[in-house]
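Reviewing the structure listed below.
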């Protein structure tokens with residue numbers, strides 16, 4: 001029987017505690033109270049059964065309706081949507097988003113983003129697979 005040095009065991013345990021594996025969706029569901037159906041969070045809503053997250057972004061509508069101002073308003077709403085995706089990921093996992101976070105096309109791949117005016121604001125929203133939201137905290 002081969003003996004394993006104490007230092008090697010200590011190193012493996014220390015690295016494992018510093019770099020824990022990301023939690024799975026069922027683990028996150030249990031950590032957040034095992035709510036049936038849709039659970040509301042500060043930055044979005046999570047449907048645990050279908051493993052989808054609804055995230056919205058918004059921006060105030062311009063006072064003057066010139067095309068460039070409307071376009072700027074819509075872009076600001078999309079940036080707000082991106083930010084809220086990261087913040088929901090942080091809220092669910094408890095992990096801080098990295099400083100050099102980038103959003104690639106995979107987050108919104110095969111996702112319909114709907115937008116429109118509501119109460120003087122331009123709002124965009126999307127149902128995104130929960131696994132993609134959780135994966136944002138791993139980047």
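The values are calculated or read from the model by the stated rules, or taken from the named source; none is laboratory data. From a predicted model like this one, the values you see are computed outputs, not experimental measurements. Cβ atoms come from the backbone with ideal geometry, glycine included; neighbour counts cover every protein chain shown.
Looking at region 61-71, is at least one residue touching a helix residue (DSSP H, G or I) at 6+ places or on another chain (Cβ under 6 Å), modelled with pLDDT under 95 and part of a helix (DSSP H, G or I)? Checking region 61-71: not a single residue is touching a helix residue (DSSP H, G or I) at 6+ places or on another chain (Cβ under 6 Å), modelled with pLDDT under 95 and part of a helix (DSSP H, G or I). Here residue 106 passes the criteria (1) within 28 Å of residue 65 (Cβ to Cβ); (2) at pLDDT below 85 except the one numbered (1). Which of the residues that make up region 109-139 are at pLDDT 90 or above and over 23 Å from residue 71 (Cβ atoms)? Selection gives 127, 128, 129, 130, 131, 132, 133, 134. Within region 108-126, is there a residue that is in contact (Cβ under 8 Å) with a residue 24 or more places away in the chain, surrounded by 11 or more Cβ atoms within 10 Å (Cβ to Cβ) and within 17 Å of residue 25 (Cα to Cα)? No; the residues of region 108-126 include none that is in contact (Cβ under 8 Å) with a residue 24 or more places away in the chain, surrounded by 11 or more Cβ atoms within 10 Å (Cβ to Cβ) and within 17 Å of residue 25 (Cα to Cα). Any residue at all in region 97-106 that's part of a strand (DSSP E or B) and at negative phi? Scanning region 97-106 turns up no residue that is part of a strand (DSSP E or B) and at negative phi.
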